[in-house]
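J.: I have a structure I would like to understand better, so I am pasting it below and will then ask my questions one at a time.
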Amino acid sequence: MTRTEKLLAELVALPSVNPAFAPRDPTGSAAPRFGEKNVADFLASLAGRAGLDVEFQPVLPERSNVIARLAPRATARQTIVLAPHLDTVNGDDSQFVPRLKNGRLHGRGACDTKGSVAAMFTALCELAAGRSRPAQTEIIFAGLVDEENAQAGSRAFAKGRFHPRDRSHSLLAIVGEPTRLRVVTAHKGSAWLQIETRGKAAHGATPEFGKNAIHEMARVVEALQGDYAAGLRRKSHPLLGHATVNVGAIHGGAQPNIVPDHCAIMLDRRTLPGESDAGARREIAAFLRGRKLAARVSGQKAAPARPLETEPGLPLVRRFLESAGWKRPAGAHFFCDAAVLAAGKIPSVVFGPGDVAQAHTADEWIAAEGLERAKNLLVTFLRSLG
């Protein structure tokens with residue numbers, strides 16, 4: 001195993017499932033799975049032994065971002081932030097046992113996104129162990145909590161004191177996610193909305209005396225997945241294509257012999273740069289009113305999940321693209337911490353080994369070759385900065 005592969009195997013074996021996905025009272029062997037603390041403590045110990053400056057940024061109870069810094073030899077004129085997230089979705093016991101087979105490392109989080117953690121952290125440690133550290137470039141590893149739920153870690157980092165505020169100081173965050181080593185400068189946002197219809201309850205034997213809220217919701221769903229979705233396809237972004245809408249959950253009624261008086265759906269509206277969660281909510285409400293469909297539309301996220309669009313011509317972005325061997329940037333359909341950091345005035349791109357098609361799957365894996373290549377590309381870029 002290479003050092004990067006070994007670190008990834010160790011990280012997979014330290015479960016760090018987001019507590020948002022925990023049962024109300026986790027017990028037994030499942031209880032220690034939840035929270036990022038064990039992974040953060042492990043990385044902090046390794047960073048200290050590598051000679052990096054280490055500290056924790058408290059975010060939520062028992063959940064802190066881990067910050068490891070490689071200071072330059074002279075006054076820093078630019079800062080690179082390597083920012084993968086430490087949390088994963090849940091899995092069964094077998095998924096937390098790392099397995100290397102046929103050039104692939106299997107296990108929960110191997111792709112999303114402990115592969116990026118391993119590549120970025122190993123790259124930084126390799127740089128720290130070299131004969132000379134960068135002259136005027138500060139490099140920060142920020143292991144972030146809570147990306148899979150509410151992005152509390154990146155929101156705290158964006159507001160914190162760990163990055164410069166001086167406009168003359170160049171700054172770039174490279175957010176770790178599985179991009180197949182493409183440099184992503186744009187991704188979609190994610191607005192979660194709830195739509196409710198109301199009816200009138202009646203006995204199932206005499207439905208004519210009631211008003212069926214599920215029937216009304218069926219008309220709403222048909223309109224959204226039909227005409228509304230078709231309208232979204234008329235507007236396209238050069239890297240992201242068109243916006244989308246997906247009805248992902250529906251709840252209505254109590255039992256078969258009662259006409260339901262309430263029905264609710266949850267939908268995911270993927271937004272493009274220039275759109276907002278509030279704007280998408282107003283757009284859908286107006287669309288339904290225009291078709292005389294009586295429904296209430298409300299937002300479901302405590303904080304906005306905005307789209308990302310970073311200017312590819314920014315000097316550090318352009319340099320990273322060239323160093324990684326790409327002439328043009330890529331786009332991603334998923335949402336991640338990059339947009340949160342960008343909203344906090346930290347120019348951000350997304351980069352990492354692995355393919356998002358493997359993320360969250362029952363047999364999650366990452367190619368060992370891509371993992372090592374990601375580390376090498378990062379080392380080459382960081383060494384080029386001086």
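J.: If L240 satisfies all but one of (1) of a type in the set (A, V, I, L, M, F, W, C); (2) over 15 Å from L193 (Cα atoms); (3) open to solvent by 30 Å² or more (accessible area, probe 1.4 Å), what's the number of the condition it fails?
T.: Answer for L240: the failing condition is (3).
J.: Scan A142, A123, A128, A135 and give me the residue that is part of a loop (DSSP other than H, G, I, E, B) and either under 17 Å from the mean Cα position of the chain (by Cα) or farther than 19 Å from A357 by Cα (or both).
T.: Values: A142 fails: part of a loop (DSSP other than H, G, I, E, B); A123 fails: part of a loop (DSSP other than H, G, I, E, B); A128 fails: part of a loop (DSSP other than H, G, I, E, B).
On inspection, the qualifying residue turns out to be A135.
J.: Could you please let me know if S132 is open to solvent by less than 10 Å² (accessible area, probe 1.4 Å) and either more than 19 Å from L385 (Cα to Cα) or in contact (Cβ under 8 Å) with a residue 40 or more places away in the chain (or both)?
T.: no
J.: Here's a follow-up. So, in the range 265-320, exactly how many residues are free of Cβ contacts under 8 Å to residues at least 12 places away in the same chain, under 30 Å from T380 (Cα atoms) and not in a helix (DSSP H, G or I)?
T.: Of the residues in the range 265-320, 1 are free of Cβ contacts under 8 Å to residues at least 12 places away in the same chain, under 30 Å from T380 (Cα atoms) and not in a helix (DSSP H, G or I).
J.: Can you pull out the residues in the range 354-383 that are hydroxyl-bearing (S, T, Y) and in a helix (DSSP H, G or I)?
T.: Selection gives T380 alone.
J.: Quick one: is A110 among the hydrophobic types (A, V, I, L, M, F, W, C), under 19 Å from L371 (Cβ atoms), open to solvent by less than 10 Å² (accessible area, probe 1.4 Å) and part of a loop (DSSP other than H, G, I, E, B)?
T.: Against the criterion (among the hydrophobic types (A, V, I, L, M, F, W, C), under 19 Å from L371 (Cβ atoms), open to solvent by less than 10 Å² (accessible area, probe 1.4 Å) and part of a loop (DSSP other than H, G, I, E, B)), A110 qualifies.
J.: Next question. Under 7 Å between Cβ atoms, at least 6 apart or on separate chains: pull out the pairs that start in the range 362-386 with a residue that is touching a residue at least 12 places away in the same chain (Cβ under 8 Å) and closer than 10 Å to R104 by Cβ and end on any residue that is open to solvent by 50 Å² or more (accessible area, probe 1.4 Å) and basic (K, R).
T.: W365/R104; I366/R104; A367/R104; A368/R104
J.: Taking the options R233, R198, R180, name whichever one is open to solvent by 80 Å² or more (accessible area, probe 1.4 Å) and either farther than 26 Å from G290 by Cβ or of a type in the set (V, I, T) (or both).
T.: Only one candidate passes the filter, namely R180.
The values are calculated or read from the model by the stated rules, or taken from the named source; none is laboratory data. Please read these numbers as outputs of a predicted model, since none were measured by experiment. Glycine also receives a Cβ, built like all others from the backbone with ideal geometry; neighbour counts cover every protein chain displayed. We work out accessible area using only protein heavy atoms, side chains counted, and drop any ligands, DNA or RNA first. Shrake-Rupley method; radii C 1.70, N 1.55, O 1.52, S 1.80 Å.
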